[in-house]
Amino acid sequence: MANVTVIGAQWGDEGKGKIVDWLASRADAVVRFQGGHNAGHTLVVGDTTYKLSLLPSGIVTGTLSIIGNGVVLDPWALKAEIEKLEGQGVVITPDNFAIADNCPLILPIHRDLDGLREAAAGTGKIGTTGRGIGPAYEDKVGRRAIRVCDLAHLDSLDLQLDRLCAHHDALRAGFDQSPVDRDALLSELCEIAPFVLQYAQPVWKRLKKVRKAGAKILFEGAQGVLLDIDHGTYPFVTSSNTVSGTAAAGSGLGPNATGFVLGIVKAYTTRVGSGPFPTELEDEVGQRLGERGHEFGTVTGRQRRVGWFDAVLVRQTCSISGVTGIALTKIDVLDGLDEVKICTGYRLNGQVYDYLPSHAADQEAVEPIYETMEGWSQSTAGARSYADLPANAVKYIQRVQELIETPVALVSTSPEREDTILMRDPFMD
Ligand code: IMP
């Protein structure tokens, strides 16, 4: 039985939630391997709506849920999320929830720095979620982060905080900010430590055991490949690797464990925050797609930018992430349009490109080359087989598949779990 790795193949918000829920209900363990509480995920089970940012999706149904070492963990956000879910009747114990003890922490000083930098950047700002993600990853790579396991060694935390605070004080001085209140930070950490430590363990070992027992593991990616720190639209990216390969490094299992790579792809394109967006629509078609698709950020409530499907980008992200098959979501948002467009290439300085060049200025300057297809007036919402789809919607899906050079494994036709056309079951592949 294969494991499954789910990743976003655009700029995030591809509709991973529904697909992940469906897969999580059939998995024995669900693992988050990168990002932090910048992700947003709404789960509807029966009459209850659960909002998750940091916890893996399996948590709601009691499936073993694991936060891997590749995640940056805000312990206070974790506590708030756990308490909120417990208030809704979800049972979270060290039996069904584990945190990698080598996971770096997001501290209030990271959130401060995120905000200060964004405010100072003016129009050049990245448009982060303001959760301190970038600064926390910087401290990890700078080898001065406080990690979960450090909370079990409070006696040596003092020294570590000296190093960390010296670095942050220098940065804060540049923003005319007072130095870090080191004693307050230490006492906050001492206070939260027992809460975090009850779940902390070497999760690579737990996963090894689970894997040996033949369990199905779902690796739950956050954000999307175009926000990847290496492969995304740098510098307008998040600070982690969002590609499928991170599932291995960010959890402590080898690359042969990650199984079927399911790329989640929206039938059009959206992005939140700043940065290049070749197929962005700033007309009434874009507005219509945004309204029909409810394109508002789950975490920040910001309106998402909207555009036509960009096959160049998705072909690139599927290749970079070794996508086995895609889940095409929100096709119903395109219902009722006279025509639909797909970007098949770019024009830049008189040349045609079949990929997105790496330089930010080139990414901003590329002009999309479109192929126009006839739309469909009938509804695709709720379709559960190809036969239920209008012929032009089928043509659209087939053309997408051809252009991105990756097979469609499933098509999602509404937020309801059952409204899915399944061609290949990732867990059975
Ligand atoms: P950060 O991850 O908060 O540093 O934000 C960096 C960029 O990633 C910004 O453009 C955010 O809007 C974007 N971003 C971060 N998390 C998500 C997400 O879950 N969905 C979509 N965009 C995201």
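The values are calculated or read from the model by the stated rules, or taken from the named source; none is laboratory data. Please read these numbers as outputs of a predicted model, since none were measured by experiment. Here Cβ is always computed from backbone atoms with ideal geometry, including for glycine, and neighbour counts include all displayed protein chains. All accessible areas refer to the heavy atoms of the entire protein, side chains included, with ligands and DNA or RNA removed. Shrake-Rupley method; radii C 1.70, N 1.55, O 1.52, S 1.80 Å.
Values computed for the structure shown
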| quantity | calculated |
| --- | --- |
| Matching residues, region 20-46, being assigned to a helix (DSSP H, G or I) and more than 15 Å from the ligand (Cβ to nearest atom) | 21, 22, 23, 24 |
| Some residue of region 19-32 being of a type in the set (Asp, Glu), over 22 Å from residue 202 (Cα atoms) and within 17 Å of the chain's Cα centre (by Cα) | yes |
| Qualifying positions in region 140-158 - within 16 Å of the ligand (Cβ to nearest atom) and out of contact with any strand residue (DSSP E or B) (no Cβ under 7 Å at 6 or more places or on another chain) | 141 |
| The listed residue being touching a residue at least 60 places away in the same chain (Cβ under 8 Å), touching a strand residue (DSSP E or B) at 6+ places or on another chain (Cβ under 7 Å) and loosely packed, with under 14 Cβ neighbours inside 10 Å, out of 367, 405 | 367 |
| Options 354, 362; residue that is in contact with a helix residue (DSSP H, G or I) (Cβ under 7 Å, 6 or more places away or on another chain) and open to solvent by 30 Å² or more (accessible area, probe 1.4 Å) | 354 |
| Residue within region 47-68 that is small (Gly, Ala, Ser), under 21 Å from residue 227 (Cβ atoms), within 16 Å of the ligand (Cβ to nearest atom) and open to solvent by 20 Å² or more (accessible area, probe 1.4 Å) present | yes |
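Yes or no, residue by residue, for (1) over 30 Å from residue 180 (Cα atoms); (2) modelled with pLDDT of 95 or more; (3) not assigned by TED's automatic domain parsing to the domain that holds residue 141:
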site	(1), (2), (3)
17	yes, no, yes
21	yes, no, yes
27	yes, yes, yes
36	no, yes, yes
69	no, yes, yes
